[in-house]
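A quick write-up on the structure given underneath.
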Amino acid sequence: MQQSVFEYMQQMGHEQVVFCHDPHSGLNAIIAIHNTTLGSALGGTRLWNYNSHTDAVVDALRLSRGMTYKAAISGLNLGGGKAVIIADPAMKSEALWRRYGKFVDSLNGKYITAEDVNTSARDMEYISLETEHVTGVPEYMGGSGDPSPFTAYGVFVGMKASAKKVWGNDSLSGKKVLVQGVGHVGQYLVGHLI
């Protein structure tokens, strides 16, 4: 027998999981809030065509817990959250994002969303039409835009720190590196490596 959502939440230490289904826009979304002890739960929204609703819930729970730890280790007064939208990425639309923005807004700032897999700064712009609880809107709107270059640079700096620990210097010259997936983050990481 599969675990229930509540059993997963208890096992992973979550505060809240919220679901939204809107047949008009095609929205099927899950927001998982792991911890808000230090502040609002911050985490991106992943758009993925999951094999099952259980897979989507488990992914949201796993990712939101990771965001709590990222915020804490970074010294941010934020908690961890994550959202997943169950959909074919080719089917995203302004209507879907605006309905999702209303869903985020219904949490009254407990969750702040951002870009993640299969989402863009343009999608965040649509969300921002319905809620102020979004980050990563396009630069022309005063936002930070795509976070991928910053994430890639953080990975690159981490690789250099690891090299220094292992080999006594931070040079990656002559080292073999495997990058699994050259999507938004991977393409910028490869740029730092070559």
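Taken together, the values in this text are just the output of simple stated rules run on the coordinates, not laboratory data. Treat the numbers as computed from the prediction; the structure is a model and nothing was measured. Positions of Cβ are generated from backbone atoms using ideal geometry, with glycine treated the same way; all protein chains shown enter the neighbour counts.
Miscellaneous remarks
- Fraction of antiparallel bridges per DSSP, the chain only, in percent to nearest 5: 50 percent
- Residues whose amide H lies under 5 Å from that of Ile112, counting only those 5 or more places away or on a different chain, are Ala41, Leu42, Gly43; hydrogens are built 1.01 Å from N in the peptide plane.
- Relative contact order of the chain, pairs being alpha-carbon contacts under 8 Å that are 6 or more residues apart, as %: 17 percent
- The orientation-averaged projection of the convex hull spanning the C-alpha atoms of the chain amounts to 13.0 square nanometres.
- Selected from Gly183, Gly43, Gly101 as most flexible by GNM, with the chain as the system and alpha-carbon contacts under 10 Å: Gly183
- The calculated Kirkwood hydrodynamic radius for segment 148-193 is 10.8 Å, given to one decimal from all distinct C-alpha pairs.
- Exposure proxy for Ile30, Ile194: other Cβ atoms within 10 Å of each Cβ, ordered fewest to most, give Ile194, Ile30.
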